[in-house]
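Shown next, in structure tokens, is the structure this report addresses.
Throughout, read-outs are computed from the coordinates displayed, never taken from laboratory work. This is a predicted model, so every value here is computed, not measured. Cβ coordinates were reconstructed from backbone atoms using ideal geometry, including for glycine residues, and neighbour counts include every protein chain displayed.
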Amino acid sequence: MKRENKDRQLTKAEMEIMSALWDNGEPMTTHQLVALYPEPRPAYSTVATFLKILVNKGFVGSRKLEGGGKTLLFFPLMSREEYTSRVMKEVKSTLFGNSLKSMLSFFARQEDVSEQDLKEIIAIIREK
């Protein structure tokens, strides 16, 4: 049974798999995903377990590989931008009282923002 993903966040391990799927842009098999990891690579069964979790959470879909027997291809059901937007809205709501001003001022104070970056951010805000 698939669970609704609108309230779910990805763990670090799940995010690694999602990033690989997003970056690749094409459906991938478990073996292909394992091959993308640096040494020491996780076990095939570990990646397969995380893929099953991602399918159950509703972040990933799967289909059989044509002519591949039982081999499955996995693909993201939401874009990186959609996920990032949802998480940032939750952060804004939960940690900053739904105030964009509070969130942006927090990051402006916490980060070492260059003058050039500030100019670009202001230009983006003015365009909107």
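Observations
- Applying 0.36 nm per residue to the separation of Asp23 and Ser114 and subtracting their alpha-carbon distance, the gain on full extension is 29.9 nm.
- Gaussian network model of the chain, Cα within-10 Å springs - most flexible of Glu81, Glu26, Glu66: Glu66
- With a Förster radius of 30 Å applied to the beta-carbon distance between Lys92 and Ile53, the computed FRET efficiency rounds to 0.65.
- Listed residues Gly58, Gly68, Gly25, most fluctuating in the chain (Gaussian network, C-alpha, under 10 Å): Gly68
- Under 16 Å from the Thr11 label point (7 Å along Cα→beta-carbon), backbone N, the range 17-34: 17-19
- Of Val47, Val91, Val113, the one that fluctuates the most in a GNM where the chain has Cα springs shorter than 10 Å: Val113
- Calculated log₁₀ intensity ratio I(q)/I(0) where the Debye formula runs over C-alpha points of the chain, q = 0.15 Å⁻¹: -0.83
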